[in-house]
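Below: the structure, in structure tokens.
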Amino acid sequence: MTIIDCHAHIYPDNIALKAAASIGKFYDISMHLDGTLQTLLKKGDEAGISRFLVHSVAVTWERAQQINDYLMQTVRAHPDRLIGFGTLHPDHPDTRSELKRIKAGGLQGIKLHPDFQRFHLDDPKAIALFEPLADLSMPLLTPTGDTRFPYSEPARMSRALKAVPNLKVICAHFGGWSIWEEGWKELAGHPNVWVDCSSSLYALRPMQAADIIRRYGAGRVFFGSDYPMWDPAEELKRFMTVPLTDEERDLILHRNLEAFLGSFCGAGQGRVSGCGER
């Protein structure tokens, strides 16, 4: 069985523990994994996960280039196991140039985290970042929904998509972490929205998860673990308890993401190898 995990954070070894701890503090949970690439690949081997879409977040715009350099280098060193998204920040003074640079370096999209980075998804600065992202055919991965903050509300994502209609977005955590129903009510059916199941299955009953998947459509959902917050093997076990057909499961575990990424870099259906190379 081919399995691709579309939501995994990695950090350089010298800062990984600190970075993972900061995530745990932000979400008030105990982190059991260290955020290193080595641990991710080991857990992937144990779970039978073929590839990971890896990314990180720049809390300030000044950190984006260094993070992107690390991600480009790491993905280049593991082309058979890793697919990479870079990062940016709405305060960056030249988003288009950095996007062109990382696309040429093999990164296929970007990851933002409005709640970490403290910006509203429909803020004019965010829209100004989304426009070159869409122009360059690079997708966005972002969490939507958090009861504690207004930044990533699903309605803001919807407004941003109206402002930049050709932007394609993966809304993490079923489109609405901690407000899953609000998420699908706002975003399901939008032609440029896909979702992943990361950081959701721990809180939902299997039948609830199946219902949400069908609200979006099984062809719009990707499997994701949110490593190092969760163990990819444990998240895969949770996913396998969701009552889905074999066809739905196959779509979510790899076929959807293969087609999604292939559509951005001309690789075609069922291929991600070499995608993003220029």
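FYI, it's all coordinate maths here, none of it is from the lab. Everything quoted here is computed from the prediction, not taken from an experiment. Note that each Cβ is placed from the backbone with ideal geometry, even for glycine, and that neighbours are counted across all protein chains shown.
Things worth noting here:
- The chain - mean residue ellipticity at 222 nm from DSSP helices (-39,500 (n - 2.57) per run, n ≥ 4, rounded to 500): -12000 deg cm²/dmol
- Summing Cβ point charges (Lys, Arg +1; Asp, Glu -1) relative to the Cα centre of the chain gives a dipole of roughly 380 debye.
- Greater than 27 Å apart at Cα, pairs in K168/K237; K18/K125; K100/K237; K25/K185; K100/K125: K168/K237; K18/K125; K100/K237; K25/K185
- The simple spin-label model puts a point 7 Å past each Cα toward its Cβ; for T241 and H32 those points are separated by 1.3 nm.
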